[in-house]
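Scroll down for the structure; my scribbles are underneath it.
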Amino acid sequence: MLPLPLLLRVDRVLLLLLLQLCICTFILVGAILVNVTIDDTFGDQFYTLFPQYTHPFLPPNQHDCYPKYIPDTNTVPPVWKQGPTCTTCGVKLDREQVMRGTWYDGRWDEHSKEQTRVEFTFWGTAIYIYSIVSNRLIDLQSYEFYIDNPNLPVGNFTYSADGSNSYDYHYLLYSNTALQDGQHTFTLASSKPDDGSVNGILMLILFDYAVYT
């Protein structure tokens, strides 16, 4: 049996090694980047954050209605509908191919004073926005992206349909991996294409989900 002073020294050494191991483990865990998904309907699985759909959202008793032209203005108000439960929407998707079987269908007329927008808050250093894009020639898909400043776009996107009447799922609309670590507000909004070619076609947004790190 070892003498008591030696046993005490061994215990202290073991304690110091255990403490160092705990510190190293804490630093390693803190350095791991985690991807978090924000679903269009079910939100952020960690913090229960949900996307906010703006201007306006149809009440339940009008949920299946298409946007109606406003009398004397020749415009259509921007509107969001839940894709899977909308029985009159022109877009019919394969629920097996979208995130958690849900998406939001947004429409916007070029003459409307309000943009169709979806926004959410997240904490992190990177953001990725995924949508479904339509290859139907009757669907115009042009968007702007905002982070923290709702008046200053950080990017834009216009999709050129190939006329095949098919849909591309899990389509990356926008990504940014150079954000300062902290809280951010992201906004996806309808916009006119760079060349201004609209010709009375309704804008379409099929928002599916976002991923932040």
Requested in this report: Tell me which of these Pro71 doesn't satisfy, since it passes every other one: (1) at pLDDT below 85; (2) under 18 Å from the mean Cα position of the chain (by Cα).
Outcome: (2)
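Check segment 150-157 and report whether any residue there is of a type outside the set (D, E, K, R), in contact with a Phe, Trp or Tyr (Cβ under 9 Å, 6 or more places away or on another chain) and closer than 17 Å to Val79 by Cβ. Can you show your working first?
Going residue by residue through segment 150-157, those that are of a type outside the set (D, E, K, R) are 150-157.
Now drop any that are not in contact with a Phe, Trp or Tyr (Cβ under 9 Å, 6 or more places away or on another chain), which leaves 152-157.
Retained after the next criterion (residues that are closer than 17 Å to Val79 by Cβ): none.
Among the residues of segment 150-157, not one is of a type outside the set (D, E, K, R), in contact with a Phe, Trp or Tyr (Cβ under 9 Å, 6 or more places away or on another chain) and closer than 17 Å to Val79 by Cβ, which makes the answer no.
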Report summary line: In segment 35-68, residues that are modelled with pLDDT of 90 or more and among the polar types (S, T, N, Q) total 4
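If you take the residues in segment 111-149 that are over 17 Å from the mean Cα position of the chain (by Cα) and of a type in the set (A, V, I, L, M), which one is nearest to Gly182 (Cα to Cα)?
So in segment 111-149, the residues over 17 Å from the mean Cα position of the chain (by Cα) come out as 111-114, 134-140.
From what's left, of a type in the set (A, V, I, L, M): 137-138, 140.
On the way: Leu137: 40, Ile138: 40, Leu140: 34 Å.
That would be Leu140.
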Query raised in the report: Among the residues of segment 155-186, how many are assigned to a strand (DSSP E or B), closer than 21 Å to Asp44 by Cβ and of a type in the set (A, V, I, L, M, F, W, C)?
Result: 3
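Out of Arg107, Arg136, which single residue is out of contact with any helix residue (DSSP H, G or I) (no Cβ under 7 Å at 6 or more places or on another chain) and assigned to a loop (DSSP other than H, G, I, E, B)?
On the way: Arg107 fails: assigned to a loop (DSSP other than H, G, I, E, B).
The conditions single out Arg136.
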Query raised in the report: Could you say which residue among Trp80, Trp123 is at negative phi, part of a strand (DSSP E or B) and either surrounded by fewer than 17 Cβ atoms within 10 Å (Cβ to Cβ) or without any contact (Cβ under 8 Å) to a residue 24 or more places away in the chain (or both)?
Result: Trp123
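The values are calculated or read from the model by the stated rules, or taken from the named source; none is laboratory data. In this text the structure is predicted, and so the values were computed from the model without any measurement. Counting neighbours? That spans all protein chains shown, and the Cβs are built from the backbone with ideal geometry, glycine included.
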